[in-house]
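Quick notes on the structure that follows.
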Amino acid sequence: MRQVLGLLVLALSPHAAGAFLVHLATECPLAANGSVLWFSFAFVFNKNPLVCYNAGHQRFEACDMGLLNDVAQQLTEVLNRDPHWHQRMARGRQDCESQSQHLWAHTGQRQRPPRVRIVPTALSNPTGAVHLTCYVWGFYPAGALVSWLYNGSPLEPREPGSLSMANGDWTYQTRVSLLATPKQGDTFTCHVQHPSLPEPHQEDWSPGLSPGLTVKVSAAVVVLCLGLILFLSGLVCWWRAPPPAYLPLAGHNYPRGST
């Protein structure tokens, strides 16, 4: 590596290159099944590829065809004569194939099930219409299918389906809205299909309190009633209890019952 950098300094000094940046770039693209498509390696000078490695011919080739072509040709000859660099390219290809499968298993092939929630928004109109939005988030891979059911029957989509949007944590989110005029007893269901789910997930919404919220409110009312009963019982027992008898302090000779 020092020999290559020294050659670059000597070759670029007549061009009055001044300050420059040289870095090594390795590329290892993967196919949809995780297999390696190709392996590439390049010396990059000031963001411009200078010398590239041709994996098919197993040789270094000049990438720059402009002002630095002579420098690229000289560097190519040095690299092709050095067996160390050819061994390094062979190891790079092997590392790419071995490490990519492990990485792909933990990234490209992983699955995370979606989380689903329906949020109703009442509209200010006399018809009682409600804007229902089904939020689906935290799933991987992309491609969740979201649809609406009305009392168990599929509804035709009234607006274009939302595309999955990428989050910053390798998950996706999407949402689908529905304008409805619910009546008492109606049930609207957000139906979600995703490869991570063994069967579709369904989230229900009905006018009034949801079943889960109804259970929570009922439990809270029962606990509150029990607390009030215990409090009133204790208050009544305290009120009805007789006052404690008077006991003189030690050292006092007051006869019992005197004032």
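Nothing in this text is a laboratory measurement; each read-out follows from the coordinates by a stated rule. What you see is a predicted model, and the numbers here were worked out from it, not measured in a lab. Using ideal geometry, Cβ is built from the backbone for each residue, glycine included, and neighbour counts are taken over all protein chains shown.
Going by a ≥ b ≥ c, the root eigenvalues of the Cα gyration tensor, does segment 115-206 fall in the rounded group (a/c under 1.5), the prolate group (a/b larger than b/c) or the oblate group?
Working: a/c = 2.39, a/b = 1.73, b/c = 1.38.
Note, shape of segment 115-206 comes out prolate.
Provide Trp239, Trp148 in ascending order of the number of other Cβ atoms located within 10 Å of each residue's Cβ, fewest first.
Listing Trp239, Trp148 from fewest to most nearby Cβ atoms yields Trp239, Trp148.
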When Met165, Met89, Met65 are ranked with the fewest other C-beta atoms within 10 Å first, the list becomes Met65, Met165, Met89
